[in-house]
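Q: Below are the structure tokens for one structure; questions will follow.
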Amino acid sequence: MFSRAFAQALGKGTRRPLDAFVQAPTALRSGCQMHQQLRHLHCRPDVRAVGLQRPLGKGSVRPACIFQPNWTVQRSFSTAENSVDDASTRELGAAGGCSDQRFAALTSIGDCINQNELKQLLETKTAPVCYVWCDPSPCMHITQGISVTVNVNKMIKAGCRVKILMADWLARLDPEDTDGRFGGDLTEMKKLGSYNLEVWKAAGMDLDGVELVWLSDGISRCADAYWPLTMDIARTSKLGGIKRSLRFHASKHTKGYGRINPYTLRDFNAAEILSPCLQSAGMLLFPEADMWLLSLDQRGAHMLAREYCNSRGEGNRRPVALFNNVLPNLLEMPEMEMWGDPRWTVFMEDSEHAIGRTMRKAFCPPGSVEGNPCLEYIEHIILPWFGKFEVVRGDEDGGNKTFVSMEEFAADYKIGALHPPDVKHALERALNMMLQPVRDHFRNKDAEAKKQDRVRCTSAEGYTTTSDSN
């Protein structure tokens, strides 16, 4: 079913409808329910919609412009390979389980702005709705592919009702599309979003427990709420605060200048200044979202939304958010965002040769645990995925050793019991094992479909981030 839906999204026909994606309900009321924050702009009476502050139940009234999933419909997103979750674990999560256990599982994902808000949410709701913000990408790196897969599966097991919000509309503002490959075309953005979903499927995301929502559909149906909200956020926000929220994006364009203040190297363009306001309004456009799973580069937009809610006296509407850990640059200075060289990271469709080339260049200082990018890959990618990390060595070097915790591994590395070449070789081996199902998935796809759905990402130096051959 998923393959047919994916093929149709790419325009390579199937006669069946696109039934794998979650569609907005057809029976929407005319107009769109205006947010509380915007009523003062239009002098509307303060009429509160029922059910905006809790997950939808059978007896709740549905707001007009919110995507309402049909949870009784069985969707076949997953394959046998990625449907290995224990049934009892699912039932525990669906029933709510222990709030402390769920809190521990969710906070293991990454940073949380206010853990007290998260704890209170889990104590009051057994099935909170979590939206996962995703920007369509032509070449997904391992943080986007593996970290998001691991964290979404954690949220499902913790009883969350997960919805992936594909930010196709805002992806047209991506400053990385400098060569006009996509030209701001919404159709191309949807193709990229569908491709990203295919990568997650191959990686093992439990898509049976996931709903898909397109931001462009939400904006189109709720334009009378979204655009006044965006303008009000922009009107009440300070330019300095918006620029501070863009610091991460600015570092991408310093091309290896590292800790140098990015404001001394270039100024922000208008699209970058507008982007946090658009993202903040997008987060507030879906009031049924109890929490968000975001990338660290969206922290500024999240804080902007929280500050806006505080300024309007709507503190109870402040979005709760968890943030994915972002892996550092693998090159010698991890704080530098050297986007000209694809060896700064590992991409989801990298061949064994490409990963080997990346690992040979990877920075792994001997005996140093802090600021070691290879060790961060082991901590945030390998150990959560496999539950262990195996270093293969000859008998003369101490023989093979398996680590099940980062503390154990870091202790050995710090005293010199492990050497960087052995660690890098073991990391390369683990990454290849992890990404082999993704390679197999796309290798087995129809040649014409593969030609259409794979979008190449080439750096200025001529490197290709995904390999055409193994």
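Any read-out appearing in this document is the output of simple, stated calculations on the displayed coordinates, not a laboratory observation. Just so it is clear, the structure is predicted and the values come from calculations on it, not from any experiment. Ideal geometry is used to build each Cβ from the backbone, glycine not excepted, and the neighbour counts take in all protein chains shown.
Q: Report P(r) for region 342-453: all Cα-Cα distances, bin width 10 Å, range 0 to the bin holding the largest distance, values in whole percent.
A: Using 10 Å bins, I get a P(r) of 13, 43, 29, 10, 5, 0 for region 342-453.
Q: In addition: Given R₀ = 60 Å, what would the calculated FRET efficiency be for residue 316 paired with residue 396, taking r from the Cβ atoms and rounding to 0.05? Don't skip to the answer; put the middle values down first.
A: Numbers: r = 64 Å, r/R0 = 1.06.
Once the sixth-power term is evaluated, E becomes 0.40.
Q: If you don't mind, another one. Would you please put 147-159, 418-430 in order of how densely packed they are, using the mean number of other Cβ atoms within 10 angstrom per residue and starting with the highest?
A: Values: 147-159: 22.3, 418-430: 19.2.
Peptide ranking by packing, descending: 147-159, 418-430.
Q: Before anything else, pin down the relative contact order of region 342-453: Cα pairs under 8 Å, at least 6 apart, normalised by residue count, whole percent. Before the final figure, lay out the partial values.
A: Values: 104 pairs, mean separation 32.9, N = 112.
Relative contact order of region 342-453: 29 percent.
Q: Further question: What distance in nm separates the simple spin-label points at residue 332 and residue 404, each placed 7 Å from Cα in the Cβ direction?
A: Here the answer is 4.0 nm between the modelled labels.
Q: Considering only Cα-Cα distances, which of the following residue pairs are longer than 32 Å: 190/424; 154/191; 119/361; 119/163?
A: From the list (190/424; 154/191; 119/361; 119/163), the Cα-Cα distance tops 32 Å for 190/424; 119/361.
Q: Quick one: work out Rg over Rh on the C-alpha atoms of region 116-159, Rh as Kirkwood radius. Provide the component values of the computation, followed by the final result.
A: Numbers: Rg = 13.2 Å, Rh = 12.2 Å.
Dividing the radius of gyration by the Kirkwood radius yields 1.08.
Q: Still on this structure, I have one more. Counting only residues 5 or more places away or on other chains, whose amide H sits under 5 Å from the amide H of residue 140 once H atoms are built in the peptide plane?
A: Amide H neighbours of residue 140, under 5 Å, 5+ apart: 348.
Q: Which of the GluC sites (Glu not before Pro) across region 361-392 are loop residues per DSSP, with 12 or fewer other Cβ within 10 Å? Working shown, then result.
A: Values: sites: 370, 376, 379, 390; in loops: 370.
Qualifying residues, ordered by number: 370.
Q: Any idea how far the Cα center of region 93-147 sits from the one of region 345-393, in Å?
A: Centre-to-centre (Cα) distance: 25 Å.
Q: While we're looking at this one, here's another question. Would you kindly state how much longer the chain becomes between residue 412 and residue 433 on full extension, computed as 0.36 nm times their sequence separation minus their alpha carbon distance, in nm to one decimal?
A: Details: separation 21, 0.36 × 21 = 7.56 nm, distance 2.39 nm.
Extra length from residue 412 to residue 433 when fully extended: 5.2 nm.
Q: What does the extension gain come out to for residue 117 and residue 104, with contour length at 0.36 nm per residue minus their alpha carbon separation? Could the numbers behind the result be given before it?
A: Details: separation 13, 0.36 × 13 = 4.68 nm, distance 1.38 nm.
Taking 0.36 nm per residue and subtracting the Cα distance, the gain is 3.3 nm.
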